[in-house]
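Working notes for the structure below.
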Amino acid sequence: MARDMEAVYLAPGVMQLFESPRFAATAESVLHDAENHELFVTGYDAYRRENAAGGQVIAKLTCDGQVIDKAWHRGLRQPTGLVLHEGVLHVADRQGLVRIDAKTGEMIERISLPARFPNDVAIDGAGTLYVSDSAGPGVVRVRDGKAETWFSGPPLVGANAMLVFGDELLVGNADGCVRAANLESGALRTFVCLPNGTIDGLHPDGEGNVLVMEWEGRLYRVTPEGEATLLIDASGPGRHFCDFEYVADEHLLLVPTFTDDTVIGYRLSE
């Protein structure tokens with residue numbers, strides 16, 4: 001049976017649970033706060049000229065898409081990726097890496113980065129932070145508050161989504177490929193190359209595989225051997241999906257919809 005190219009494709013076992021009200025000016029990245037079972041969502045907001053740069057926010061939602069505070073933290077400049085570590089939210093914005101107290105919402109500091117377009121943030125077991133530079137392209141490493149370029153140039157192309165996976169840092173690129181960098185040596189290999197799209201989200205699925213999101217609205221499950229299975233395809237109706245979150249023990253996928261300004265919740269099959 002032919003697929004309706006104007007409809008959203010959901011693989012067997014994938015079910016949409018909800019879509020939040022419109023709340024964010026360009027919902028770019030979602031992060032689950034496991035302690036409080038809430039969501040942080042960055043509002044990139046680069047397309048509304050009436051909003052001056054530096055006026056963007058982080059919103060807070062419940063895990064079923066209800067808005068708690070659509071401007072929980074103010075004063076960022078087009079924020080994108082974020083991670084939570086030891087009570088501190090680390091957020092990439094156009095001026096560097098911002099550290100925010102996750103309980104109070106107060107800014108702790110902003111770390112300057114040698115990057116032209118800081119995008120996603122990842123952290124390893126030792127607490128070292130990694131920030132992708134989409135315009136470099138490259139990856140910046142932050143240790144003890146000090147930032148340095150870890151590596152840059154080919155084969156990275158528009159470095160974007162990142163994930164520490166085992167002893168490697170996975171880096172999603174604008175050419176549809178995910179490269180894997182060894183955390184000790186920095187040696188690069190290809191993890192997977194998808195047929196089209198920009199890689200905008202990476203997350204473990206809790207079963208040894210990686211969920212890979214294309215900005216063009218497609219989600220894949222990729223095995224460690226690089227075998228990809230399409231789970232969601234919203235490219236037909238032209239939806240854009242970004243830096244998502246996955247709560248593995250609930251099989252809950254949380255997807256920011258960029259200029260649609262919402263978050264969609266899906267249940268993946270157990």
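The values are calculated or read from the model by the stated rules, or taken from the named source; none is laboratory data. Small disclaimer: the values here were computed from a predicted structure and weren't measured. All Cβ positions, even for glycine, are placed from backbone atoms using ideal geometry, and neighbour counts span all protein chains on display.
For segment 44-64, name all the residues that are of a type outside the set (A, V, I, L, M, F, W, C) and either more than 18 Å from residue 242 (Cα to Cα) or at pLDDT 95 or above (or both).
48, 49, 50, 51, 54, 55, 60, 62, 64, listed by residue number.
Would you pick out the residues in segment 194-217 that are within 21 Å of residue 121 (Cα to Cα) and either aliphatic (A, V, I, L, M) or not in a loop (DSSP other than H, G, I, E, B) (or both)?
199, 200, 201, 202, 203, 204, 210, 211, 212, 213, 214
For residue 191, only one of the following conditions fails: (1) buried (at least 17 other Cβ atoms within 10 Å of the Cβ); (2) without any contact (Cβ under 8 Å) to a residue 12 or more places away in the chain. What is its number?
It is condition (2) that residue 191 fails.
Okay, residues lined up against (1) surrounded by 22 or more Cβ atoms within 10 Å (Cβ to Cβ); (2) out of contact with any Lys or Arg (no Cβ under 9 Å at 6 or more places or on another chain):
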{"residue": "179", "(1), (2)": "yes, no"}
{"residue": "187", "(1), (2)": "no, yes"}
{"residue": "200", "(1), (2)": "yes, yes"}
{"residue": "226", "(1), (2)": "no, yes"}
{"residue": "244", "(1), (2)": "yes, yes"}
{"residue": "249", "(1), (2)": "no, yes"}
{"residue": "257", "(1), (2)": "yes, no"}
{"residue": "261", "(1), (2)": "no, no"}
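State all residues of segment 229-258 that are in contact with a His (Cβ under 7 Å, 6 or more places away or on another chain), of a type in the set (Val, Ile, Thr) and assigned to a strand (DSSP E or B); if no residue qualifies, say none.
247
Count, please, the residues in segment 125-156 that happen to be surrounded by 18 or more Cβ atoms within 10 Å (Cβ to Cβ) and part of a loop (DSSP other than H, G, I, E, B).
4
Scanning for something part of a loop (DSSP other than H, G, I, E, B), in contact with an Asp or Glu (Cβ under 6 Å, 6 or more places away or on another chain), more than 18 Å from residue 267 (Cβ to Cβ) and in contact (Cβ under 8 Å) with a residue 12 or more places away in the chain, does segment 220-228 turn up at least one residue?
No.
Across segment 78-119, which residue is farthest from residue 44 (Cα to Cα) among those that are in contact with a strand residue (DSSP E or B) (Cβ under 7 Å, 6 or more places away or on another chain) and of a type in the set (Ser, Thr, Tyr)?
Once the filter is applied, the top-ranked residue is 112.
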